[in-house]
Amino acid sequence: MPQISLSRRLRRTPFSEGVEAAGVKGYTVYNRMLLPTVFESVEADYHHLKKNVQVWDVSCERQVELRGPDAARLMQMLTPRDLRGMLPGQCFYVPIVDETGGMLNDPVAVKLSEDRWWISIADSDLLLWVKGLANGYRLDVLVDEPDVSPLGVQGPKADELMARVFGDRVRDIRFFKFDMFEFEGRDLAVARSGYSKQGGFEIYVEGSDIGMHLWNALFSAGEDLDVRAGCPNLIERIEGGLLSYGNDMTDDNTPHECGLGKFCNTHTAIGCVGRDALLRVAKEGPVQQIRPIAIDGDAVPPCVQPWPVFAGGKQVGQVTSAAWSPDFSTNVSIGMVKLSHWDAGTKVEVETPDGMRGATVQGQFWI
Ligand code: THG
């Protein structure tokens, strides 16, 4: 197979040295930065994540920082989620939409203070859209990408490992909240969040220089916990229904099609640039929506192009992420399915690269 050539344009991270010493076997590119995808094997990594604790280099979740008197106003322009009740110390999963109501990103918004926010972005160039709005509307706000690199600590033993490095106070952090913790004289935001359903934390590492110090501190403290380097796991995130921007949805989809309607308060999100468009589409309701789909047969190959979903000889959707699940003994997948066929239990066929497979639309994700 051809290799992807490295250069300055493909950014390394403050933790790349540790990731490579840990024997990373595969990378993807995310926000023009390296993101590990495999250490031992996707299956071995999956079993370890569900039993132990892993340290994830998710530096590629870059921050778009908003700083200044108009920061909160700009943040509300970006999303149909009503942010008026959000307090400093909270994180919100927020759909970001354009003027047509199309999804531009699905980041975690972090409210540091009234006039300072981080947008922890998925894989799209959100910085350019945000700078464009700030300048076009002549807002009093600075928009840039700070030297902040999230480090994930995920898995059932995450609390124990984090308490050893940051103290027992980390155990008190509630889901999607953060607090400040000192490491080597630096104050770091530590949130209870992360791209897995196994529980854990994200440390927003401010200053690349301390990256490897923190990486090493976590591995030293967790030797007896069998702490390993890990990464977002394809199987686990499909089982849990965690969406991947660019794979499971694009700017052609509304938040409602993505099942993110619960994170929209479009009527009260005054100022959101996609508000009028979303009010129109939300009134009709979506005609296609993200669904979990179980695909029959043995392990499917990786889904690198959408797989058409058929019923009665007609295309009724597409699968965009799929993997064999050892724990559920089926192929788990995420697809976009038309309203006529999205009810739980609906039988469909999926055209995979190695042939047609029977499949069943599920009522809920596996975890
Ligand atoms: N953490 C941080 N930044 C990120 C991600 C992250 N940026 C990129 C990417 N992940 C953004 N996408 C997601 C997708 C899902 C979730 C978070 C970010 C998520 N969802 C939970 C769920 O669906 O169960 C909870 C959402 C909620 O209830 O608020 O966590 O992972 N920093």
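The values are calculated or read from the model by the stated rules, or taken from the named source; none is laboratory data. Quantities reported herein were computed from a predicted structural model and do not represent experimental measurements. Glycine gets a Cβ as well: all are built from the backbone with ideal geometry, and neighbour counts include every protein chain shown. Please note that ligands, DNA and RNA were not included when accessible areas were found on the heavy atoms of the full protein model with its side chains. Shrake-Rupley method; radii C 1.70, N 1.55, O 1.52, S 1.80 Å.
A few notes on this one:
- Extreme residue, least open to solvent (accessible area, probe 1.4 Å), among residues of the range 202-233 that are over 25 Å from Ile119 (Cβ atoms) and under 21 Å from the mean Cα position of the chain (by Cα): Ala229
- Residue match in the range 161-168 (condition: more than 10 Å from the ligand (Cβ to nearest atom) and free of Cβ contacts under 8 Å to residues at least 12 places away in the same chain): yes
- Residues located in the range 210-250, provided they are among the charged types (D, E, K, R) and either in contact with a Lys or Arg (Cβ under 9 Å, 6 or more places away or on another chain) or within 12 Å of the ligand (Cβ to nearest atom) (or both): Asp226, Glu236, Arg237, Glu239, Asp248
- Screening the range 10-89 for strands (runs of 3 or more DSSP E) wholly inside it with 1 or more residues that are closer than 27 Å to Asp115 by Cβ and either in contact (Cβ under 8 Å) with a residue 40 or more places away in the chain or more than 16 Å from the ligand (Cβ to nearest atom) (or both) returns the ranges 63-67.
- Cβ-Cβ contacts under 8 Å between residues 6 or more apart (or on different chains), taken from a first residue in the range 107-118 that is touching a residue at least 24 places away in the same chain (Cβ under 8 Å) and more than 16 Å from Ser149 (Cα to Cα) to a second residue that is within 16 Å of the ligand (Cβ to nearest atom) and outside any loop (DSSP other than H, G, I, E, B), are listed as Lys111/Gln90; Lys111/Cys91; Lys111/Phe92; Lys111/Trp117; Arg116/Glu65; Arg116/Leu66.
- Residue selected from the range 121-132 under the condition of a type in the set (Gly, Ala, Ser) and open to solvent by less than 30 Å² (accessible area, probe 1.4 Å), by the criterion nearest to Ser149 (Cα to Cα): Ala122
- Flag for Lys177 being out of contact with any strand residue (DSSP E or B) (no Cβ under 9 Å at 6 or more places or on another chain) and either in contact (Cβ under 8 Å) with a residue 12 or more places away in the chain or open to solvent by less than 30 Å² (accessible area, probe 1.4 Å) (or both): no
- Residue list for the range 241-256, restricted to those being open to solvent by 10 Å² or more (accessible area, probe 1.4 Å) and either part of a loop (DSSP other than H, G, I, E, B) or in contact with a helix residue (DSSP H, G or I) (Cβ under 9 Å, 6 or more places away or on another chain) (or both): Gly241, Leu242, Leu243, Ser244, Gly246, Asn247, Thr250, Asp251, Asp252, Asn253, Thr254, His256
- Here Tyr195 passes the criteria (1) in contact (Cβ under 8 Å) with a residue 24 or more places away in the chain; (2) open to solvent by less than 50 Å² (accessible area, probe 1.4 Å); (3) aromatic (Phe, Trp, Tyr) except the one numbered (2).
- Residue list for the range 90-120, filter: part of a loop (DSSP other than H, G, I, E, B), open to solvent by less than 10 Å² (accessible area, probe 1.4 Å) and within 11 Å of the ligand (Cβ to nearest atom): Val94, Pro95, Pro107
- Hey, Thr268 of a type in the set (Ser, Thr, Tyr) and within 21 Å of Ile238 (Cα to Cα) or not: no
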